[in-house]
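The values are calculated or read from the model by the stated rules, or taken from the named source; none is laboratory data. What you see is a predicted model, and the numbers here were worked out from it, not measured in a lab. Neighbour counts are summed over all protein chains in view; Cβ atoms, including those assigned to glycine, are modelled from backbone coordinates with ideal geometry.
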Amino acid sequence: MTIPIGAPTICPDCFECRAVVELTGPGADSRRQLCRCERERLIELAPRWPGYDFNKAIDLCSCCGFEPIETGSRWSVFCCAECKDRVLAFNRACGDWVIPIGRHSLQNGLALKVVLEPAGSGSSNPATSDREQIEGYIAAVQGLSGRVRRLKNHKTSYVQGNLTTLGLLPASAQVDLRRYVNAARAFPLRKEDAFMNLRAHMARSA
């Protein structure tokens, strides 16, 4: 868990969150969450925060684009609770993980199950069967990686569109995150509309 210090902001160029956060737990201290623009200017990557899989604590929902969500773990989900329910229902209806729910393969129903046949079991060629399963799993993970990239690209453009709609762009400085969230809810930006837009985008990209 992290505690934001001050006012988190959104970069007006890459549309990712910037923040100073206080890590909790033993030896807790404050760390600065960088946006993509700032990370790309680094000569060396910053050390990984203790207890985190990557140095990010706050993100925006990949569906509606305006709801803040916690992140930083390989098991973190991409969407806020309301949007996640819509995504899960849609995936169930499709019988497939069309819209990724998280970055880990297990979150998206992918697991490698290789059964080693004991000697003398009568299997015609267990090695061939295992190889086919592995190759199928690799192909499925590569497909998932492509969908995750498309989802991230969609979020970037959707956040930009939201900010423009709300009159917060163009901006010469960082956009206050709380101001963005409050403006989105007051407008209001509808999460149902955002989901329909995301569903259409992922279908076009399939």
Of the residues in segment 177-196, those that are surrounded by fewer than 16 Cβ atoms within 10 Å (Cβ to Cβ) and not hydrophobic (A, V, I, L, M, F, W, C) come to Arg178, Arg179, Asn182, Arg185, Pro188, Arg190, Glu192, Asp193
- Message: Based on this model, can you work out whether Cys79 counts as within 27 Å of Lys191 (Cα to Cα), surrounded by fewer than 20 Cβ atoms within 10 Å (Cβ to Cβ) and not small (Gly, Ala, Ser)?
- Response: no
Of the residues in segment 6-50, those that are among the charged types (D, E, K, R) and outside any helix (DSSP H, G or I) come to Asp13, Glu16, Arg18, Glu22, Asp29, Arg31, Arg32, Arg41, Glu44, Arg48
Of those in segment 36-76 that are of a type in the set (Asp, Glu) and buried (at least 18 other Cβ atoms within 10 Å of the Cβ), the residue nearest to the chain's Cα centre (by Cα) is Asp59
Subset of segment 148-160, residues in contact (Cβ under 8 Å) with a residue 40 or more places away in the chain and either out of contact with any Ser or Thr (no Cβ under 9 Å at 6 or more places or on another chain) or not in a helix (DSSP H, G or I) (or both), comes to Val148, Thr156, Val159, Gln160
Arg103 fails exactly one of (1) modelled with pLDDT under 95; (2) more than 16 Å from the chain's Cα centre (by Cα), namely (2)
Taking segment 15-35 and the residues there that are surrounded by 15 or more Cβ atoms within 10 Å (Cβ to Cβ) and of a type in the set (D, E, K, R), the one that is nearest to Arg103 (Cα to Cα) would be Glu16
Of the residues in segment 52-79, those that are of a type in the set (A, V, I, L, M, F, W, C), closer than 22 Å to Thr24 by Cβ and in a loop (DSSP other than H, G, I, E, B) number 3
Can you spot a residue in segment 166-175 that is assigned to a helix (DSSP H, G or I), crowded, with 16+ Cβ neighbours inside 10 Å and touching a Leu at 6+ places or on another chain (Cβ under 9 Å)?
no
When restricted to Phe54, Phe15, Phe66, Phe78, the only residue modelled with pLDDT of 90 or more, at positive phi and of a type in the set (Phe, Trp, Tyr) is Phe15
